[in-house]
1. Evaluate the stretch 157-173: report whether one residue or more is at negative phi and touching a Phe, Trp or Tyr at 6+ places or on another chain (Cβ under 9 Å).
2. If we scan the stretch 100-110, do we find a residue that is assigned to a strand (DSSP E or B), at pLDDT 95 or above and open to solvent by less than 40 Å² (accessible area, probe 1.4 Å)?
3. Would you check which residues across the stretch 78-90 are among the small types (Gly, Ala, Ser) and open to solvent by 10 Å² or more (accessible area, probe 1.4 Å) and list them?
4. Tell me which residues, restricted to the stretch 67-77, are open to solvent by 20 Å² or more (accessible area, probe 1.4 Å) and either within 16 Å of the chain's Cα centre (by Cα) or closer than 12 Å to Ala14 by Cβ (or both).
5. Return the residues of the stretch 113-123 that are under 23 Å from Lys86 (Cα atoms) and either open to solvent by 30 Å² or more (accessible area, probe 1.4 Å) or of a type in the set (Asp, Glu) (or both); say none if nothing qualifies.
6. Starting from residues that are among the charged types (D, E, K, R) and surrounded by fewer than 18 Cβ atoms within 10 Å (Cβ to Cβ), keep the ones in the stretch 20-55 and report whichever is nearest to Lys86 (Cα to Cα).
7. Test of understanding: among Ser128, Ser66, Ser111, Ser73, which residue is of a type in the set (Gly, Ala, Ser) and under 20 Å from Leu160 (Cβ atoms)?
8. Ser46: closer than 24 Å to Arg7 by Cα, among the hydroxyl-bearing types (Ser, Thr, Tyr) and under 15 Å from the mean Cα position of the chain (by Cα), yes or no?
Amino acid sequence: PKNPMFRPQLIVRADASTEIGAGHVMRCLAIAQAWHDAGGNVTFASAKLPESLRLRIQNEGFQTQSITADAGSVADAAQLLDTAAKCGATAIIVDGYTFDVDYHAQIANTSFTSLVIDDNSHLARYSSDFVLNQNAAVTSLMYPDCSSQTDLLLGTSYALLRREFLVGASKQPEARQRSRRILVTL
């Protein structure tokens, strides 16, 4: 029987700043919300995180942990794995362009389930348990060199939508028909 007190722990490794934007953290927030809704706990580990985003994450009920090593370094990965071990994590998500093949391999060569969120198949090799690319035109041909353990989650059926967007999608059809304008900002 499952222990009702056990809440699986997820560690999210993503950064945000004025230089790189907030997209990596915000799309990870969608997964964190779903993980929490399924009964899990979430900790965001970041080397760069503006205070406004730190507060947003904490207001969602998630923990934050600072990574003090240089982003994407071997020391960063070691610090992330130490945080995961101390939290009793079962899974790690890595999202960002600063994490290279060696970084991902260091995470994949552990007992943690690992997911890499990817936009453009920029790495020469992927070794995580899962690679998620939610773009419309993505195909498995974009990932020719993956570990035999890697499952590809490709396409818009894996789109990461936070609660505030899902609420609007569930409105009654007549309410959706009244909405004629939307604002998209990047």
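The values are calculated or read from the model by the stated rules, or taken from the named source; none is laboratory data. None of these values were measured; they are calculated from a predicted model. Quick reminder, even Gly has a Cβ in these numbers, built from the backbone with ideal geometry, and neighbours come from all protein chains shown. Please note that ligands, DNA and RNA were not included when accessible areas were found on the heavy atoms of the full protein model with its side chains. Shrake-Rupley method; radii C 1.70, N 1.55, O 1.52, S 1.80 Å.
1. Scanning the stretch 157-173 turns up no residue that is at negative phi and touching a Phe, Trp or Tyr at 6+ places or on another chain (Cβ under 9 Å).
2. No, the conditions are met nowhere in the stretch 100-110.
3. Of everything in the stretch 78-90, those that are among the small types (Gly, Ala, Ser) and open to solvent by 10 Å² or more (accessible area, probe 1.4 Å) turn out to be Ala78, Ala85, Gly88, Ala89.
4. If the condition is that a residue be open to solvent by 20 Å² or more (accessible area, probe 1.4 Å) and either within 16 Å of the chain's Cα centre (by Cα) or closer than 12 Å to Ala14 by Cβ (or both), then Ala71 is the only one that fits.
5. Once the filter is applied, which keeps residues that are under 23 Å from Lys86 (Cα atoms) and either open to solvent by 30 Å² or more (accessible area, probe 1.4 Å) or of a type in the set (Asp, Glu) (or both), the stretch 113-123 yields only Thr113.
6. The selected residue is Arg54.
7. Numbers: Ser66 fails: under 20 Å from Leu160 (Cβ atoms); Ser111 fails: under 20 Å from Leu160 (Cβ atoms); Ser73 fails: under 20 Å from Leu160 (Cβ atoms).
Only one candidate passes the filter, namely Ser128.
8. Details: closer than 24 Å to Arg7 by Cα: yes; among the hydroxyl-bearing types (Ser, Thr, Tyr): yes; under 15 Å from the mean Cα position of the chain (by Cα): yes.
When the stated conditions are applied, Ser46 passes them.
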